[in-house]
Amino acid sequence: MKARLFAALAAVIMASALFSACKNETELTGTVQALDYNESTVAISNPDRGFYGAVYVTVNENGAIYNKAVFGDAHSLYHLRCDIGAFSAAVNGKEDMPLTQKAVDGLDGLLAYLRENDKNAIVRFAYDPKFGGSENKEPSLGVMLGHVRQICEVLNRYPNTVTAIETGLIGPWGEMHSSKIANAEHITPLADEFLTQTSGIPVLLRTPKMIYDYLQKKPSEAEDIVLTPADKAYMLGVYNDGYLGSENDLGTYTDRRRDIAFLSRQTAHLQFGGEVVVPESTLHDIEVCLPEMNELHLSYLNIAWNNVVIDKWKKSYYTQSCGSDSAYYGKTAFDYIESRMGYRFVLKNSVFYGSNAQSDIKIELSLQNAGFGNLCKKKRAKLLFTDESGAVAFECDAGEFNGENGFTASASPNLASGKYGVYLRLYGEEHNGAPLYCVRFANDGLWNAELKANKIGNIAR
């Protein structure tokens, strides 16, 4: 009796194993979706990267003054140059003072306007009136630290809008030089206050030396510096307003190779950019600059400065001497650099498991990041299933996307019979019911502007 029972149980177990093996074999075959997996060379406007437009903002006791007309369709990224000199005795001729509530509200209104229009901003504050190049206009350090705290209260409300904070504050144009207080005794506490008062927003200094000073390290010790997410200084990077201008980038580097090697470890997870300068430099020749742009994970540059360098790139071409991206041969250097700044995700494969009669579906995507940089802010993910009219018939959360080369998701849409398109939306947040700061793949025929999502395949029920 026991022998027959054991035999029966063994048969059941073997049958179950055989069924599972057949099921897994079926699932492993999957269905490769019929999509274009080649990289497109079209310019893509994705969050937190690319050529930016500069916007000058005057912040005074009555609010923030700026020209809304400059926030057009030409850019998705802007550089806010905020003059807060009105709160320094060296400018107002009276006294150092905290920002007024109207000033704080004005900053809030500016960032709210950017968010409503799906725009990003690099933010820099300075006491230089109208960013005109004036020296020694700063208030006392204590007042400056108070301003940082007030500023960060606003910036923290817009974590997806603010791409990075350039510490600024000191010197002409907030470039942290040519001032009697452009020293570690003032710069280090200002950087620390920004890091203390913010969460998840990169804080950028003007040179790597300023980071070494913050860490109390000598420049000669740079190669031994390894920072982890547990370190406050993990969020410290650099903005380079002397980019490619000379061997030391106009004083940015004390040892170019050593400093870039250190900085590249930080820029793997932080934005890096600035302004190209000095037209006679050969460092911005297209054949010369691309390897370093890749090493430094270049994220953004000023579209207008230096205009001679920008024009040079528009008249130069990407050729075999520049690299192996054959789809770009014959494209201008400007087009190539624009496409590569920051991240650029190309869908290389999309496989659906259980995409026919089953109610459940598993999706596996393979991606290539063709950009100089990485995705520095994680995105929320959502799957959208559209019917033959294009309407969304089902949607579900699909976790988070951190810029990996692979992405998997599952759904149980339980749809009626019919044909459906499947889309993946990668986004920063929803505001008033609209998805903002969405990521577009660099493939032809995948982006749905209405859904703000990338097509990843089709199913039939």
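The values are calculated or read from the model by the stated rules, or taken from the named source; none is laboratory data. Model, not experiment: these values are computed from the prediction. Ideal geometry is used to build each Cβ from the backbone, glycine not excepted, and the neighbour counts take in all protein chains shown. Note: areas computed on protein heavy atoms with side chains; ligands, DNA, RNA excluded. Shrake-Rupley method; radii C 1.70, N 1.55, O 1.52, S 1.80 Å.
Per-structure values
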{"item": "2 or more residues charged (D, E, K, R): qualifying helices (runs of 4 or more DSSP H) within region 73-180", "result": "101-116, 141-155"}
{"item": "Filter result for residue 339 (surrounded by 20 or more Cβ atoms within 10 Å (Cβ to Cβ) and in contact with a helix residue (DSSP H, G or I) (Cβ under 8 Å, 6 or more places away or on another chain))", "result": "yes"}
{"item": "Cβ-Cβ under 7 Å pairs, at least 6 apart or on other chains, region 426-444 side over 11 Å from residue 377 (Cα atoms), far side hydroxyl-bearing (Ser, Thr, Tyr) and open to solvent by less than 20 Å² (accessible area, probe 1.4 Å)", "result": "429/437; 435/427; 436/427; 438/427; 442/40; 443/40; 444/40"}
{"item": "Residue check for residue 229: buried (at least 23 other Cβ atoms within 10 Å of the Cβ), within 23 Å of the chain's Cα centre (by Cα) and within 26 Å of residue 429 (Cβ to Cβ)", "result": "no"}
{"item": "Filtered residue count, region 142-163, keeping only those that are open to solvent by less than 10 Å² (accessible area, probe 1.4 Å) and either within 21 Å of residue 130 (Cα to Cα) or touching a Ser or Thr at 6+ places or on another chain (Cβ under 7 Å) (or both)", "result": "6"}
{"item": "Some residue of region 247-267 being small (Gly, Ala, Ser), open to solvent by 50 Å² or more (accessible area, probe 1.4 Å) and farther than 30 Å from residue 150 by Cβ", "result": "no"}
{"item": "First in region 165-176 and at pLDDT 95 or above and acidic (Asp, Glu), second anywhere and part of a helix (DSSP H, G or I) and open to solvent by less than 10 Å² (accessible area, probe 1.4 Å), Cβ under 9 Å, 6 or more apart", "result": "166/174"}
{"item": "So residue 193, is it out of contact with any strand residue (DSSP E or B) (no Cβ under 6 Å at 6 or more places or on another chain), modelled with pLDDT of 95 or more and among the acidic types (Asp, Glu)", "result": "yes"}
{"item": "Search result, residues across region 85-120 that are touching a residue at least 60 places away in the same chain (Cβ under 8 Å) and under 28 Å from the mean Cα position of the chain (by Cα)", "result": "115, 116, 118, 120"}
{"item": "Selection within region 279-306 - open to solvent by less than 40 Å² (accessible area, probe 1.4 Å) and part of a loop (DSSP other than H, G, I, E, B)", "result": "281, 283, 284, 296, 297, 298, 299, 306"}
{"item": "Pairs with Cβ under 6 Å, 6+ apart, first in region 178-190 and closer than 10 Å to residue 135 by Cβ, second surrounded by 17 or more Cβ atoms within 10 Å (Cβ to Cβ) and at pLDDT 95 or above", "result": "178/171; 178/172; 179/170; 179/171; 182/170; 182/171; 182/176"}
{"item": "Strands (runs of 3 or more DSSP E) contained in region 354-461 and holding at least 2 residues modelled with pLDDT of 95 or more and surrounded by fewer than 17 Cβ atoms within 10 Å (Cβ to Cβ)", "result": "361-369, 392-401, 406-411, 429-431"}
{"item": "Residue in region 41-49 that is without any contact (Cβ under 8 Å) to a residue 12 or more places away in the chain and assigned to a loop (DSSP other than H, G, I, E, B) present", "result": "no"}
{"item": "Which listed residue, of 296, 283, 244, is under 17 Å from residue 372 (Cβ atoms) and touching a strand residue (DSSP E or B) at 6+ places or on another chain (Cβ under 8 Å)", "result": "244"}
{"item": "Some residue of region 204-226 being open to solvent by less than 40 Å² (accessible area, probe 1.4 Å), touching a Gly at 6+ places or on another chain (Cβ under 7 Å), within 19 Å of residue 305 (Cβ to Cβ) and not in a loop (DSSP other than H, G, I, E, B)", "result": "yes"}
{"item": "In region 209-226, residue farthest from the chain's Cα centre (by Cα) [restricted to those that are in contact (Cβ under 8 Å) with a residue 24 or more places away in the chain and over 17 Å from residue 252 (Cα atoms)]", "result": "223"}
